[in-house]
Structures are given as C-alpha cells and as structure tokens.
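Peer 1: I have a structure here, written as structure tokens, and I will follow up with some questions on it.
The values are calculated or read from the model by the stated rules, or taken from the named source; none is laboratory data. What you see is a predicted model; the values in this text were computed from it and never measured. All Cβ positions, even for glycine, are placed from backbone atoms using ideal geometry, and neighbour counts span all protein chains on display.
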Amino acid sequence: MEPASQTILAPLLESSGSKLGFIASCQLDHDGSLYLDILGLAQNDPVAMAWLLPLLHKHEGSYRLYGFDHILASALSEGDPLVINQPRLFAEDDTRLAQLTSLLAIPCFCHGTVKGLMVLADRPDGYEQELVAQLATLADNIGSLLHVRDLELARQAAEAELARQASVDPLTGLANRRAFLERCQGALQLLQRYQTSFSVLMLDLDHFKLINDGLGHAAGDYVLCEIAQLLRQQLRDTDQIARWGGEEFCILLPKEDGERALQLANRLRDAIANLELSWHERMIQLTVSIGVAGMLSPQDNIDTLLARADQALYAAKLAGRNRCLQADD
C-alpha cells in the first residue's frame with residue numbers, strides 16, 4: 001500500500017464514522033483490461049472486510065480488483081457517486097453486500113477522466129448527500145494525485161525501457177557488449193572479495209558469411225536468434241550471455257574454473273553441431289569455435305581475461321574450426 005493513501009484513509013474513517021475504506025487507481029492490465037489497483041486500505045472492524053476480501057486478488061504486496069461484475073463498477077462506468085444505505089436490498093444480486101450497513105463509492109476525476117475510486121463502507125447512519133458532496137471535493141483532489149502518480153509511473157517505465165534497450169541486443173534479446181562488460185566487472189569484484197573463480201567463453205560461428213551470402217541476411221538473423229535461444233536453454237540463469245558482435249557471442253560463467261568451463265564449451269559445441277535448422281526448406285549445418293579463459297588471480301582484469309579468451313578462439317579457428325581451446329595459463 002502506498003503511504004500517501006494510507007495517510008488519507010485513517011482520518012477519513014474517523015471523521016466519516018466508516019469502518020472500512022480504500023482508495024483505488026484505474027489501471028490497464030497487459031491484455032488491455034481495466035482493473036482497480038488498491039493503493040490504500042484501512043478498516044476499524046475486521047467484519048467489514050468480509051465483504052471486500054473475496055473480490056480482491058493479491059499482487060506483489062498489493063491488491064487488485066478485476067472485472068465489472070461487482071457493485072462498484074457502476075460508479076466507474078457512470079461517473080457518479082454510488083450511495084447505498086440499504087445494502088440488503090441488493091443482496092439478491094450480490095449476497096456479500098448483506099454484510100454491510102452502508103456503502104459509498106465516489107469516482108476520482110482529473111481533467112474530466114475517472115482516475116480511480118474512493119470507497120467507504122459500514123457507516124451506521126448511512127451516507128447523507130451533504131457528506132457525499134463534501135467527500136466529492138476530497139475525491140477530486142485524490143484524482144489529481146492519482147494523475148500525478150500515473151505520470152510518474154509512466155516516466156519510470158519509459159526510463160526503464162530506455163535502460164533495457166541500451167543494454168540489450170535488439171536482434172537476439174541477449175545482453176549487448178556494454179552490459180556484459182558491466183556484469184563482468186561485478187563478477188570480478190566478487191572474485192576479489194570472496195576469492196571465487198569465474199570463466200569466459202568466446203564463441204564464433206564458423207563460416208557464417210556463407211550463410212549471409214548464400215541465403216541472405218534474413219537467414220543469418222534467423223540463425224543468430226536460434227543460437228541465442230539454444231544458449232539460453234543450455235546455460236544456467238546465473239550465467240551471463242551476450243552477443244559480442246556479428247556472429248560472436250560471449251558467456252560469463254560465475255564460479256567455474258577453466259577445466260569445467262572447457263567441458264561446458266564442448267557441450268555447447270556439440271549442441272550447436274546437432275542443431276537442425278532450415279531456411280525455406282534448405283538445411284543449415286552449423287559449427288562453432290570456442291575460446292575458453294578463466295581468471296588466474298584476483299589481480300587479473302577483465303580486459304586481460306577477454307583478450308586471452310579471444311586468443312584461444314583465434315587459435316581454435318587456425319586449428320581447423322569446430323573445436324574448443326583453452327587459453328594458456
């Protein structure tokens with residue numbers, strides 16, 4: 001629950017004599033459906049919650065109210081305060097309402113748009129029109145706050161997307177070189193602090209230019225995406241995979257020494273050699289050369305490690321390709 005909403009609700013329950021209250025923001029789900037995001041909820045009597053709880057869905061430490069098959073939906077769709085001082089009359093449509101003595105839902109507007117709802121329930125004497133009018137002014141102020149909140153959430157989402165795009169290869173969805181180097185630096189710091197090891201694999205698809213020249217760049221892009229997917233499937237969640245550039249990939253293996261990294265490299269080489277790909281009914285046979293390098297001491301740096309892996313890769317290609325070689329210590 002958000003602190004601002006909770007701050008508003010406590011005195012609101014006391015001043016209005018209600019036993020239950022919440023503030024909700026109108027939001028769209030990933031599929032475009034509308035739901036109410038409960039930003040603050042307060043109650044002075046647990047019995048009052050019995051009506052509301054069956055309607056709520058817990059989500060990441062908060063609650064959501066989905067759909068329009070509940071009484072509050074009319075306040076959203078019509079944009080007018082909903083005042084029910086005899087809930088039992090509605091019990092035939094919603095038996096949960098029979099547990100309440102009264103219910104009030106006021107839409108929160110900003111710039112002519114409903115941004116959310118302010119809901120109060122279980123006021124023993126019901127909700128008179130004079131009180132509803134007073135609370136409507138508060139609801140409009142809440143609507144303005146909800147609008148500002150939405151703008152801030154949109155800004156944060158845009159910044160997060162920009163950050164994601166800056167760290168992700170647009171074709172394969174893997175980390176790009178910049179992001180990979182940052183993660184390598186983090187692994188090096190762990191090595192220096194806890195004396196743990198890690199290794200790097202440098203992969204290069206053999207004769208990839210023949211695919212681009214013979215089948216077209218679209219086929220080459222398809223192959224790169226399939227290799228990226230294979231690497232995701234073969235490796236652990238803690239392993240970091242990056243498209244290094246062109247047909248090269250780089251993999252960071254935390255807590256793996258050079259020998260175990262070489263075993264994994266050979267497993268990846270076999271998996272790629274056995275990968276069955278076709279492009280417009282033409283089979284594509286792939287092989288890969290891999291250079292392997294492990295950190296030798298906490299004093300080593302990332303540039304040295306990557307250079308050693310690249311040298312091992314170059315040696316694997318000179319030796320005939322379709323093989324894995326470990327960097328010399």
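Peer 1: Of all residues in segment 162-175 being surrounded by fewer than 15 Cβ atoms within 10 Å (Cβ to Cβ) and modelled with pLDDT of 90 or more, which is nearest to LEU235 (Cα to Cα)?
Peer 2: Of everything passing the filter in segment 162-175, GLY173 is nearest to LEU235 (Cα to Cα).
Peer 1: Which of the residues belonging to segment 201-224 are part of a loop (DSSP other than H, G, I, E, B) and over 19 Å from ASN266 (Cα atoms)?
Peer 2: Matches in segment 201-224: GLY216 only.
Peer 1: Inspect segment 64-85 for any residue being within 24 Å of ALA154 (Cβ to Cβ) and of a type in the set (Asp, Glu) and give the result as yes or no.
Peer 2: The answer is no; no qualifying residue exists.
Peer 1: Only residues that are on the phi > 0 side of the Ramachandran plot and either part of a strand (DSSP E or B) or surrounded by 24 or more Cβ atoms within 10 Å (Cβ to Cβ) (or both): list them for segment 240-260, please.
Peer 2: The answer is GLY245, and nothing else.
Peer 1: Only one of (1) farther than 26 Å from ILE302 by Cα; (2) at pLDDT 95 or above fails for ALA228. Which number is that?
Peer 2: That leaves (1) as the condition not met.
Peer 1: Further question on the same structure: Go through ARG149, ARG178 for me and flag whichever is crowded, with 16+ Cβ neighbours inside 10 Å, of a type outside the set (Ser, Thr, Tyr) and under 30 Å from the mean Cα position of the chain (by Cα).
Peer 2: Answer to the check: ARG149.
Peer 1: Right, next: Tell me, which residue of segment 278-329 that is of a type in the set (Lys, Arg) and part of a loop (DSSP other than H, G, I, E, B) is surrounded by the most Cβ atoms within 10 Å (Cβ to Cβ)?
Peer 2: Filtering segment 278-329 for residues that are of a type in the set (Lys, Arg) and part of a loop (DSSP other than H, G, I, E, B), the one surrounded by the most Cβ atoms within 10 Å (Cβ to Cβ) comes out as ARG323.
Peer 1: Within the bounds of segment 95-105, is there any residue that is in contact with a helix residue (DSSP H, G or I) (Cβ under 9 Å, 6 or more places away or on another chain), surrounded by fewer than 18 Cβ atoms within 10 Å (Cβ to Cβ) and free of Cβ contacts under 8 Å to residues at least 24 places away in the same chain?
Peer 2: Yes: one or more hits.
Peer 1: Out of curiosity, is THR137 closer than 19 Å to SER5 by Cβ, β-branched (Val, Ile, Thr) and either part of a helix (DSSP H, G or I) or free of Cβ contacts under 8 Å to residues at least 40 places away in the same chain (or both)?
Peer 2: The answer is yes for THR137.
Peer 1: Could you run through segment 10-26 and say how many residues are among the basic types (Lys, Arg) and in a strand (DSSP E or B)?
Peer 2: Adding up the residues that qualify gives 0.
Peer 1: Moving to a separate point now. Looking for whichever is in the same structural domain as GLU14 (by TED's automatic domain parsing) and at pLDDT below 90 here; the options are PHE68, PHE109. Which one fits?
Peer 2: Of PHE68, PHE109, the one residue that is in the same structural domain as GLU14 (by TED's automatic domain parsing) and at pLDDT below 90 is PHE68.
Peer 1: Test GLN195 against the stated conditions and say whether it is over 19 Å from ARG236 (Cα atoms), in contact (Cβ under 8 Å) with a residue 12 or more places away in the chain and either outside the structural domain of ARG243 (by TED's automatic domain parsing) or more than 22 Å from the chain's Cα centre (by Cα) (or both).
Peer 2: For GLN195, the condition - over 19 Å from ARG236 (Cα atoms), in contact (Cβ under 8 Å) with a residue 12 or more places away in the chain and either outside the structural domain of ARG243 (by TED's automatic domain parsing) or more than 22 Å from the chain's Cα centre (by Cα) (or both) - is met.
Peer 1: Right, something else. Would you check which residues across segment 9-46 are more than 19 Å from VAL114 (Cα to Cα) and either in contact (Cβ under 8 Å) with a residue 60 or more places away in the chain or surrounded by fewer than 11 Cβ atoms within 10 Å (Cβ to Cβ) (or both) and list them?
Peer 2: PRO11, LEU12, LEU13, SER16, GLY17, SER18, LYS19, LEU20, HIS30, ASP31, ASP45, PRO46
Peer 1: Shifting gears a bit: For segment 243-271, enumerate the residues that are among the hydrophobic types (A, V, I, L, M, F, W, C), modelled with pLDDT of 95 or more and more than 16 Å from LEU313 (Cα to Cα).
Peer 2: ALA271, the sole residue that qualifies.
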